[in-house]
Structure formats: C-alpha cells, structure tokens
Amino acid sequence: MKRGCLWLLGAWLAPVTAHPLLLCAEPWYPFVYQEEGQVRGLLANALQRLPDVSVHYRFMSLSGCQKLMKQDKVDMVAFAAGKHAPAGWLTTRQTLVSWVLYAWVPATSQDSHFDAAQFGNRRLAWVNAYDYPFSVQNDHRYQRVEALDADEAVSLLARGRVDLILDDPFLTQGIDPDLANGIRRLPEVVAMRPQPLALRPGLAALRDRIDREIQKMRSDGSLDAFYQFHFGSSLTALMGKLPS
C-alpha cells in the first residue's frame, strides 16, 4: 500500500545465500521501513522467522514496485493484490498486515468525528495505486480527486484542494512539518483491509511457509500484541467489527 520515496536502499535479513530474493516495498511504518540502516517492521519480523530465506529490500513508491512486477524484475512486493498483481502472481492468504484507515481533515475543519453520510459529496484524495477497502471503493458519495501518493494527498488536504483523506494514523510521518501541521486525524477507525504480500510465480512453497509463520504469530499472541500497541486494538478485534 503506502508512502513513496525516490531513493533505493538494500538490506539483508539473513546470511547471504546464492540466490537472495528481491522484495520491493513502499516504506510504511510500522509494517516495513528502514531505521538506522536496518529494515524493521512487522513484515521484516515475520520473514526473519525463516532463517534460510535471504531477502534484499528495495524501497520505492508502490507504483514503482508495480512496474517492477510487470517487468519480472522483482520476487516479492509489499503489498499488492487484485488489479495490481500481474496474472500468475501469488499472494499470502493469512492476514499479517492490515491497512487501518482513519479520516484526516484540514486542521481548520469544524468536524470532530467521522460520519460517512455527513462527509458525502466532499472531495476525497484518491491514490489509484492503493487497494482501498471495498467499503470505501464502493462508496460513490465522495468526489474523488486523484493523488499520486500519500505525500501529494497530504499536500492537497493541507492546501484546501480536498476535504478528506482516508489513511492510517501514521500518515504524517516523514511529511513536511508545515503540511503535517495543516491536517488532523479524527478519532474513529473508518475501515480496514488486509494487505497481502505478493510473490512471483514459482514461489508457492515460500508463500505457504510464510502463511504458516503468520498462523503461528496469531497463535502465540504476538500479532495481536503488535496491533494492540500500534492501533489500540488487537487484530482479531479490528477484523471482527470493522468493514473491509
């Protein structure tokens, strides 16, 4: 799903093997990002549970990762599914990463809570590269204004060119402070959608291994603990009460 940048970075999460896998990702805290020269986040932690799998990370915008998919120049993409995954590509079936959306409005807005009916017909920043929750995709009350990425969406909102962004609570990380200070988040979680890891054809066995590790993380409580810490609610609870 999220946050673009123009630089490329690499990191190894296991001892180098003869054929490391290339994973392309848009930096997205707290799921996959780089800090102090190390790749961190929930996805990196899950892949580290497979010590015989060596992964090289390349960070760029999601649209850039999708181009590499179509050119067969990458082994895995975080996160791409549905219309963004070329024919034959596989996706993980167990939920590790979910995009938890909140409503963001201009700092000067009088709105204090989110009500879908109240926000109908307002201008919504829309990033075509994102796999929005179906409940958002199918809601045609908004006036969608295209944005290249999250950075442009924030700029549009801060400058009054749109009225609303639907995105996660970490939207303003890495954003120009002048723009970040021009918007604010409403308290309610609006929707969420699982964001599967995409794998090229031929990696079905690896996909199945990753799915098994995710199941183990759910069983041992570490996955719910991660969401409780970052979102104030366990993944199990979020999936049980929110539209997707």
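The values are calculated or read from the model by the stated rules, or taken from the named source; none is laboratory data. What you see is a predicted model, and the numbers here were worked out from it, not measured in a lab. As a convention, Cβ positions derive from the backbone with ideal geometry for all residues, glycine included, and neighbour counts pool all protein chains shown. Only protein heavy atoms, including side chains, enter the accessible area calculation; ligands, DNA and RNA are left aside. Shrake-Rupley method; radii C 1.70, N 1.55, O 1.52, S 1.80 Å.
Worth a mention:
- Bridge type composition, the chain - antiparallel percent by DSSP, nearest 5: 60 percent
- Sites listed here are trypsin sites (Lys or Arg not before Pro) in segment 50-108 whose DSSP assignment is loop and whose Cβ has at most 14 other Cβ atoms within 10 Å: Lys73, Arg93.
- Size of the chain as Cα extents on the principal axes (Å, biggest first): 56, 36, 36
- For segment 88-244: accessible area per residue (Å², 1.4 Å): 46 Å²
- Evaluated with a Cβ-only charge set (Lys, Arg +1; Asp, Glu -1), the chain carries a dipole of roughly 500 debye about its Cα centre, given to the nearest 20.
- Taking the charge dipole of segment 9-124 about its Cα centre, with +1 at Lys and Arg Cβ atoms and -1 at Asp and Glu Cβ atoms, the residue from Leu23, Ser54, Ser112 reaching farthest to the positive side is Leu23.
- Projecting the Cα atoms of Pro187, Tyr142, Met76 onto the dipole axis of the chain, where Lys and Arg carry +1 and Asp and Glu carry -1 at the beta carbon, places Met76 farthest toward the positive end.
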